[in-house]
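Shown next, in structure tokens, is the structure this report addresses.
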Amino acid sequence: MYNMQNNTIDKTSYCANDKSKRGKWFKISGYDDAKGYVVEFFYCSNCIFGVKKKLTHCPHCGIEMELGK
């Protein structure tokens, strides 16, 4: 859950123990000034953990992911 007082996301409140549901990857792109090109990260809809490529399961919360296009 997002905490407005200290501008952080509490990832533990999102982690579900219900492995019967599936999560989705949400892509966030941004320009990296230091590298000089656009970088992409994928965030888990269940726990907001970020990875560099789509995986079949989230490495943080373990939920199975939908790998749609």
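Here, each number is a calculation from the coordinates, and none is a lab measurement. Computed from a prediction, not measured in an experiment: that's the story for all the values here. All Cβ positions, even for glycine, are placed from backbone atoms using ideal geometry, and neighbour counts span all protein chains on display.
Couple of notes before you dig in:
- Per-bin percent of Cα-Cα distances, region 25-69 [5 Å]: 5, 24, 29, 18, 11, 9, 4
- Mean Cβ count within 10 Å, highest first, over the residues of peptides 31-43, 51-63: 51-63, 31-43
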